[in-house]
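Asks: I'd like to ask you about the structure that follows.
The values are calculated or read from the model by the stated rules, or taken from the named source; none is laboratory data. A quick note: this is a predicted structure, and the numbers were derived from the prediction, not measured. Every residue, glycine among them, receives a Cβ derived from its backbone with ideal geometry; neighbour counts consider all protein chains shown.
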Amino acid sequence: MSKHDSGVLAVNGGPKVRATPMPPRRLFGSEEKRAAMRVFDKAIETGNAFSYNGPEQKAYEAEFAAFHGGGYAVAVNSGTNAIFCALGGLQIDVAREVVVPPVTDNGGIMPAPMLNLVPVPADCAPGFFNTGPEQIEKVLSKRTAAIIVAHIAGEPADMDPIMELARARRIPVIEDCAQAHGARYKGRLVGAIGDVAAFSTMCGKLHATGAQGGMVYTRDEELIWRVKRFSDRGKPFNLKNATENVVMGLNCNQNDLAAAIGRAQLKKLPQVIAKRRRLAGKIIEGLKGLEAVSLGRELPDTEGVYWFLRVHVDTSKLTVNKARFASAVAAEGLPVEERYTQASPKRPWFLERQTYGRSGCPWTCPLYRGPRQPLLELPDADEVLDSHFVIYFHENYGAREVRDIVAALAKVERAFLKRPHPKCAR
């Protein structure tokens, strides 16, 4: 019997399953350093500062598009601005509605009101952090101008029926792939299914361009030029006989130094994905004997990339609630977050409409003909967030980390599992 099988939980003073910190991810290495130094060396040799829209950025955009089977890409300076520029490229009139994800980072929603578009959250598909076609259909209206679908935790949303619904109503779909680089839905890479996709390449994602970064991707050449213009203050890219800025936009440019790092990272991405899938598969196998704990279920015929581990807890089989269970797992030495986030409309800025001073815009915009108060109730999002916690996870884990994750979850489940009443035991 190992020391952590004594039955005494670490939260109650017993020995931890994991007494040493988890290994660091080691995202950046010598390849990225050499790529960055080449950019500096060239700047020093020529005397010309590296900039943006240069050879490294163009090469990175081309390689990113090739990774997704062709198409076009524009590198920007954050994942939030990737959503912002994707929406900007669609050139939607103000006071229209955009369906937004129920569970996502604030940066996956804020670009809509920044463009004076009303964000309308769709609920989660039951048991998932992602929304689904039925949930989206419930919030569509004649004012709907776009749908943003996020693939949270690297798990693909159910894209085929979503696209069928959107196509029937001629509504463009933006895929938010910030957490899902390289995930597959029915054999297709996410990001290449909707009309346009947004990726984050900040330092916590599957591949990165440094501290921050993002990418907009589409197979629509006309759309990518609109995105490109919007991302660089409306400069007249690919327009004949135009010499001045042609549309309002912001400076959301990426740069050649970040792009050089991104190119080195992109080469590593297939190995990163394969390692995460292999490790997650072993954890799933190790949890098969547990009664109350499992990794969150995924859609059939999908291949996630496990940006984090979404852990489901069936509290009907336990003597404690999910929060206490997750706290006990964390005490065993695992990197745990008891609740991933709040449902989208429960953030203070959304709930209180803290957007443009005290105006309440875009909900109060005179041009808007929809509900003046945001949609706030997402019962399935609340349920799935209440029944899951997160274990942070990366590709630099190994066999020991897999064993410790499984052991910690098993130990805590044994401590809190309901026992049958003696009269019921036969």
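Asks: Restricting to region 29-61, name every residue that is polar (S, T, N, Q) and not in a loop (DSSP other than H, G, I, E, B).
Replies: Matches in region 29-61: 30, 46, 57.
Asks: If you check every pair at least six apart or on different chains, which have Cβ atoms under 7 Å apart with a residue in region 139-157 that is on the phi > 0 side of the Ramachandran plot first and a residue that is of a type in the set (Ser, Thr, Tyr) and at pLDDT 95 or above second?
Replies: Cβ pairs passing all conditions: 154/306.
Asks: With respect to residue 403, determine if the residue is over 30 Å from residue 94 (Cβ atoms), out of contact with any strand residue (DSSP E or B) (no Cβ under 6 Å at 6 or more places or on another chain) and either surrounded by 14 or more Cβ atoms within 10 Å (Cβ to Cβ) or at pLDDT below 95 (or both). Working first, answer last.
Replies: Values: over 30 Å from residue 94 (Cβ atoms): yes; out of contact with any strand residue (DSSP E or B) (no Cβ under 6 Å at 6 or more places or on another chain): yes; either surrounded by 14 or more Cβ atoms within 10 Å (Cβ to Cβ) or at pLDDT below 95 (or both): yes.
So residue 403 fits the description; yes.
Asks: Filter region 324-373 down to residues that are under 26 Å from the mean Cα position of the chain (by Cα), small (Gly, Ala, Ser) and in a loop (DSSP other than H, G, I, E, B), then give me how many there are.
Replies: 2
Asks: A follow-up question, please. Given (1) part of a helix (DSSP H, G or I); (2) closer than 18 Å to residue 110 by Cβ, identify the lone condition not met by residue 411.
Replies: Looking at each condition in turn, residue 411 falls short on (2).
Asks: Would you check which residues across region 240-258 are within 29 Å of the chain's Cα centre (by Cα), surrounded by 13 or more Cβ atoms within 10 Å (Cβ to Cβ) and farther than 17 Å from residue 203 by Cα and list them?
Replies: Of everything in region 240-258, those that are within 29 Å of the chain's Cα centre (by Cα), surrounded by 13 or more Cβ atoms within 10 Å (Cβ to Cβ) and farther than 17 Å from residue 203 by Cα turn out to be 249, 250, 252, 253.
Asks: Of 119, 113, which residue is in a strand (DSSP E or B), at pLDDT 95 or above and not hydroxyl-bearing (Ser, Thr, Tyr)? Spell out how you get there, then give the answer.
Replies: Working: 113 fails: in a strand (DSSP E or B).
One residue alone meets the criteria, 119.
Asks: Search region 18-47 for residues that are free of Cβ contacts under 8 Å to residues at least 12 places away in the same chain and pair each with any residue that is loosely packed, with under 15 Cβ neighbours inside 10 Å when their beta-carbon atoms are under 8 Å apart and the residues are at least 6 apart or on different chains.
Replies: Within 8 Å, the pairs are 43/49.
Asks: Determine whether residue 80 is touching a residue at least 24 places away in the same chain (Cβ under 8 Å) and either of a type in the set (D, E, K, R) or closer than 20 Å to residue 163 by Cβ (or both).
Replies: no
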